[in-house]
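Right, one structure below, let's go through it.
The values are calculated or read from the model by the stated rules, or taken from the named source; none is laboratory data. Small disclaimer: the values here were computed from a predicted structure and weren't measured. No Cβ is skipped: glycine too gets one built from the backbone with ideal geometry, and neighbour counts run over all protein chains shown.
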Amino acid sequence: PGPPVLSTMVAEIYGPDYQRQIDIAKQIRSIFEATESVVDVDWFVEDDQTEYKFEINKEKAMLSGVNSQQIVQALGIGLNGMNAATLYKPKEHEPVAIQLKLAEKERSSVRNLKDIQIRSMSGAMVPISELVTVTQKLQDKTIYRKNQQRVVYVTADVAGKLESPVYAIMDMEKRIANLKLPEGYAIDQLFTKQPFMVERISMKWDGEWHITFEVFRDLGAAFAVVLAIIYLLIIGWFQSFKVPLVMMVAIPLSLIGILIGHWIFGAFFTATSMIGMIALAGIMVRNSVLLIDFIDIRLAEGIPLKHAIIESGAVRTTPILLTSGAVVIGAFVILFDPIFQGLAISLVGGSIASTALTLVIVPLIYYMTERKKYELTSASPEELQQDNNKGNGKAVKTELTNH
């Protein structure tokens, strides 16, 4: 089952005048029908339907020896039929109802119903036309409300190459904004919530679009919380505000592989793709932690920064490849599943791209951010004296030139 929405695309029209809401909904319906990839357009406005009311003349019925219940029962049997008996077959588990009902040609008009005859108490047959008066009027139409506000719905589905309703909404948005409205009126298009007041004409986009928006909004908030927690945990271990940022560079690197993977498979970026991206964040940061933790260990042993970085790549590459390979192999099983394909693409593509780029880019960025700190602390007193002499010579030369 799909999400709890009326249709894939829903336009909700609000306003102070219900008839004007219907007129605007009719124009929006025409825009839906003229838009490519938008199909099965409908609206929740009922056409005029004639209602026939049979009013019993109780005085005539009493004089004819017929009561009101007989008339109602006769009309009910004529229109809907009645179960007269039940047939039991030897080889059937369920009984078969024997229904008494007029033929369709004998109940298809008011005249046919008026010709139905009822047996009076005296035994005479009396036609219903002598006992009732038939009046006709337009049937009352349904007025839909959402959160106590009158609304007119226009619904549609999406088909073709672009299955997402977002593209159809973007295509129709400008044309709806340019609708010809009575002087003094303008239409406000809303995407996330109903209008607070209905003094102005407004339209809210609903349907699967709204479900998609809520899902990605919640997943985006969850992703932000995950990033904050990862950052705080790394700060607590490495006692630095700058190093965690270097480690978390692996997360946007995984996005490169995720986008390329969706492009290769021709798949849409769905909610499951977003879930895979969130799950991948911790795995990719772990690879960065393996590299930088080894670099810090070697630096503590007195190894120069460049050598420590080179050794980290040589020593930590194997466990990093094993971790990423396990993720790729595990996700490959659901790579062609129609529901979880986005999750698999994110895990496989993100792992491959982020692992390859993390082994190169994260050590380079760490070297760029920490180079000055470790070059000064690891330099010998003779090297520092030579640097000072060079700096003094340049200063004297600059002063002589100025004179």
Problem set entry | Qualifying positions in the range 132-148 - closer than 18 Å to H210 by Cβ and either crowded, with 17+ Cβ neighbours inside 10 Å or in contact with a strand residue (DSSP E or B) (Cβ under 6 Å, 6 or more places away or on another chain) (or both) | none
For this session: Go through the residues of the range 33-55 one by one and say whether even a single one is assigned to a loop (DSSP other than H, G, I, E, B), in the same structural domain as K174 (by TED's automatic domain parsing) and at positive phi.
Result: yes
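Please report, ordered by residue number, the strands (runs of 3 or more DSSP E) entirely within the range 69-176 with at least 3 residues that are in the same structural domain as D17 (by TED's automatic domain parsing) and within 30 Å of G266 (Cα to Cα). If you could, list the steps in order and put the result at the bottom.
Details: elements: 82-87, 96-100, 117-119, 125-127, 132-138, 152-158.
Counting at least 3 such residues, we get 152-158.
So, V45, is that one under 24 Å from Q136 (Cβ atoms) and either without any contact (Cβ under 8 Å) to a residue 60 or more places away in the chain or surrounded by 11 or more Cβ atoms within 10 Å (Cβ to Cβ) (or both) or not?
Values: under 24 Å from Q136 (Cβ atoms): yes; either without any contact (Cβ under 8 Å) to a residue 60 or more places away in the chain or surrounded by 11 or more Cβ atoms within 10 Å (Cβ to Cβ) (or both): yes.
So V45 fits the description; yes.
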Exercise. Out of all the residues in the range 229-243, which are part of a loop (DSSP other than H, G, I, E, B) and either within 16 Å of S288 (Cβ to Cβ) or in contact with a Phe, Trp or Tyr (Cβ under 6 Å, 6 or more places away or on another chain) (or both)?
Worked result: S240, F241, K242
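L291 - would you say it is part of a helix (DSSP H, G or I), in the same structural domain as K373 (by TED's automatic domain parsing) and touching a residue at least 60 places away in the same chain (Cβ under 8 Å)? Quick ask: steps written out before the conclusion?
Details: part of a helix (DSSP H, G or I): yes; in the same structural domain as K373 (by TED's automatic domain parsing): yes; touching a residue at least 60 places away in the same chain (Cβ under 8 Å): yes.
The answer is yes for L291.
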For this session: Being farther than 19 Å from L113 by Cβ and either of a type in the set (D, E) or touching a strand residue (DSSP E or B) at 6+ places or on another chain (Cβ under 6 Å) (or both) is the filter; apply it to the range 48-80 and report the residue that is surrounded by the fewest Cβ atoms within 10 Å (Cβ to Cβ).
Result: D48
For this session: Report, by residue number, each residue of the range 162-176 that is over 22 Å from the mean Cα position of the chain (by Cα) and farther than 18 Å from E33 by Cβ.
Result: none
Problem set entry | Extreme residue, surrounded by the fewest Cβ atoms within 10 Å (Cβ to Cβ), among residues of the range 18-42 that are free of Cβ contacts under 8 Å to residues at least 24 places away in the same chain and acidic (D, E) | E33
